[in-house]
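*Asks:* Please find one structure pasted underneath; my questions will follow.
The values are calculated or read from the model by the stated rules, or taken from the named source; none is laboratory data. None of the values given here were measured: they were computed from a predicted structure. No Cβ is skipped: glycine too gets one built from the backbone with ideal geometry, and neighbour counts run over all protein chains shown.
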Amino acid sequence: MKRIYESLIVDHFVNNRQMVFLSGPRQVGKTTLAANVLPGAACFNYDKTADALAIAGGADRIATIADLSDPVKAQKGILFDELHKFPKWKNFLKGFFDVYADNRKIKVLVTGSARLDVYKRGGDSMMGRYFPYRVHPLSMGELGGADANLDAIFQNPQHVSEDDMNALMRFGGYPEPFLKGNDRFCNQWKRMRLEKLFEEDIRDMSRVQDLRGLRALAELLAARVGGGVNYASLATDLAVTPDTVKAWIGVLESVYYCYTVTPWFANVANSIRKQPKAYLWDWSLVLDEGARNENFIASHLLKAVHWWTDSGLGDFALHYLRTKQQKEVDFLISKDKTPFMLVECKTSAKDGLSPALAEFQKTLAVPYAFQVAIDAPASSLVPTEFIGMPIKISALDLLKVLV
C-alpha cells in the first residue's frame, strides 16, 4: 500500500541535496517505502554478508559496485538498508557523501530499525549532510488517504470509519498484520517480531547482558502504560538499580519498543517536572482497554508531532500536564516551545468535560483543547474550527485531520 511518507521523501529529493535518514520500528515498512521512492537504486543491505563486506570496503568500493561513473545508474540513487549495524557507519556515510553524493547530486537514502541519532563529536559530525524522517505505523489519517498536504499542519478531513478504527486498535498499525486482519496471524507475527527485537536487535546493538531482565521491564511497561515511570519502583521489582532501569528504557526506546512523554511545566504552578509516562509503539500489545485507548491516541499524536517537525513546519513536541494536586491533562503538544494543543482521552462520550482541560487552556493560552472519546460516533465537527474553547469530540473526528 502507498504510504504518506512517499510524497514527503520525493519532495525532499526534488528540493534538497542532503541524504535522507529514514528510521522507524522493525517491519513498519521502511524498506518497501525506500524502494518505491528510489526505484532501480543500488541497494546495500548490511544484513547481507556480501553487502556488509562491500560497505566495510569503504566509499570507493561502493562507488565501483554501483557503477556511479555511469550517469544513468548514478541518477537512480543509493539505498543503504540497516546501515546503523555497521560500527563505523557515520564516518563511512560522511566520506561517501562528501566524495560522491554531494558533488554528483546522487540521492542517498539510509534506513534503520534503531534510532539514527547523530551527535556532534568532533570529526564524527554529520551536520548539514542529512535530514531525518521518522516512519510510524499506520494511523487513521493515513488510512483516509496517502496524499498529504506537506504545507499544512491539519489535513482535509478524509473518510474513515469506525470499522477502520476498530481494526487498527485490534491489530495494531504495522502494515502486514493490519492488512491481514486475522487474529491468529497477528498473534504469531507479534510473537516473532518481539523475539527478533530482543534476541537479535537488542543483543547485537547494546551492551545489555541481562536480556531476561530487560524483557521483564518491557512487560512491566506494557502493563503500566500511561502511568508515570517510577524508576525506584521498577528497580525494586526487577532487583536492579534505578540507573539500570533508566538505561534499559533508553535501549527499549532506541529500538522503537516504547517511547516516553515528558511533563510540561512552564508556567504551571506545582507541576510534576521529572517523571515521564511510557507508551508502546505497538498499542495492540497493551491488554487493558483504557490504557490501550490512551496509547492509541498518544501514538497518533506522536506521529503528527514527528511529521510536522520532520517536514519543516516547526519544532513540535509531545508532553503531558500534571500538578501535585492531581490536576491533569493527558497530552500537550507544543509548537516552537509554546503550548499548541491539549488532548484529554476518554473511553466514553458520556464523561463530562474535564475542568482541568478548560483551566489549563485558559492559563496557558492554548489554541486547541480537545476531550477525545473513543466510543463517540463520527460527526460533522471540524476540530480546527474550535479555537480558544475546549470541546468534546470523537476520536474519529480528531484523528482523521492528522497524518
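*Asks:* Pick from segment 210-246 the residues that are part of a helix (DSSP H, G or I) and touching a residue at least 40 places away in the same chain (Cβ under 8 Å): which of them is surrounded by the fewest Cβ atoms within 10 Å (Cβ to Cβ)?
*Replies:* So the residue we want is Ala223.
*Asks:* Can you tell which of Tyr133, Tyr174 is under 22 Å from Glu294 (Cα atoms), hydroxyl-bearing (Ser, Thr, Tyr) and crowded, with 19+ Cβ neighbours inside 10 Å?
*Replies:* Of Tyr133, Tyr174, the one residue that is under 22 Å from Glu294 (Cα atoms), hydroxyl-bearing (Ser, Thr, Tyr) and crowded, with 19+ Cβ neighbours inside 10 Å is Tyr174.
*Asks:* Next up: Kindly indicate whether Val261 is over 20 Å from Leu197 (Cα atoms) and in the same structural domain as Cys345 (by TED's automatic domain parsing).
*Replies:* yes
*Asks:* If you don't mind, there's one more thing I want to ask. Mind checking which residues of segment 264-285 are under 22 Å from Leu194 (Cα atoms) and either part of a loop (DSSP other than H, G, I, E, B) or without any contact (Cβ under 8 Å) to a residue 60 or more places away in the chain (or both)?
*Replies:* Selection gives Lys277, Ala278, Tyr279, Leu280, Trp281, Asp282.
*Asks:* One residue is enough: does segment 310-324 have a residue meeting the conditions over 24 Å from Gln209 (Cα atoms), modelled with pLDDT of 95 or more and among the polar types (S, T, N, Q)?
*Replies:* Scanning segment 310-324, I find at least one residue that is over 24 Å from Gln209 (Cα atoms), modelled with pLDDT of 95 or more and among the polar types (S, T, N, Q), so the answer is yes.
*Asks:* Within segment 1-59, how many residues turn out to be assigned to a helix (DSSP H, G or I) and either of a type outside the set (Val, Ile, Thr) or surrounded by 17 or more Cβ atoms within 10 Å (Cβ to Cβ) (or both)?
*Replies:* Just the residues of segment 1-59 that are assigned to a helix (DSSP H, G or I), to begin with: 5-15, 30-37, 49-56, 59.
Checking which are either of a type outside the set (Val, Ile, Thr) or surrounded by 17 or more Cβ atoms within 10 Å (Cβ to Cβ) (or both) leaves us with 5-9, 11-13, 15, 30-31, 33-37, 50-56, 59.
So the answer is 24.
Here is a yes/no grid of residues against (1) of a type in the set (A, V, I, L, M, F, W, C); (2) modelled with pLDDT of 95 or more:
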position	(1), (2)
Ala50	yes, yes
Ala54	yes, yes
Arg61	no, yes
Leu68	yes, no
Lys88	no, no
Tyr100	no, no
Ser113	no, no
Asp117	no, no
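*Asks:* From Lys362, Lys346, grab the single residue that is within 21 Å of Arg322 (Cβ to Cβ) and either buried (at least 21 other Cβ atoms within 10 Å of the Cβ) or touching a helix residue (DSSP H, G or I) at 6+ places or on another chain (Cβ under 6 Å) (or both).
*Replies:* Details: Lys362 fails: either buried (at least 21 other Cβ atoms within 10 Å of the Cβ) or touching a helix residue (DSSP H, G or I) at 6+ places or on another chain (Cβ under 6 Å) (or both).
The unique qualifying residue is Lys346.
*Asks:* Any residue in segment 315-344 that's hydrophobic (A, V, I, L, M, F, W, C): show its pairings with residues that are crowded, with 22+ Cβ neighbours inside 10 Å and in a loop (DSSP other than H, G, I, E, B) at Cβ separation under 6 Å, as long as the two are six or more apart or on different chains.
*Replies:* Between residues of segment 315-344 that are hydrophobic (A, V, I, L, M, F, W, C) and residues that are crowded, with 22+ Cβ neighbours inside 10 Å and in a loop (DSSP other than H, G, I, E, B), the close pairs are Leu321/Trp264; Leu332/Trp264; Leu342/Val366.
*Asks:* Would you point out the residue of segment 141-164, among those that are within 19 Å of the chain's Cα centre (by Cα) and assigned to a helix (DSSP H, G or I), that is surrounded by the most Cβ atoms within 10 Å (Cβ to Cβ)?
*Replies:* Top of the filtered list is Glu142.
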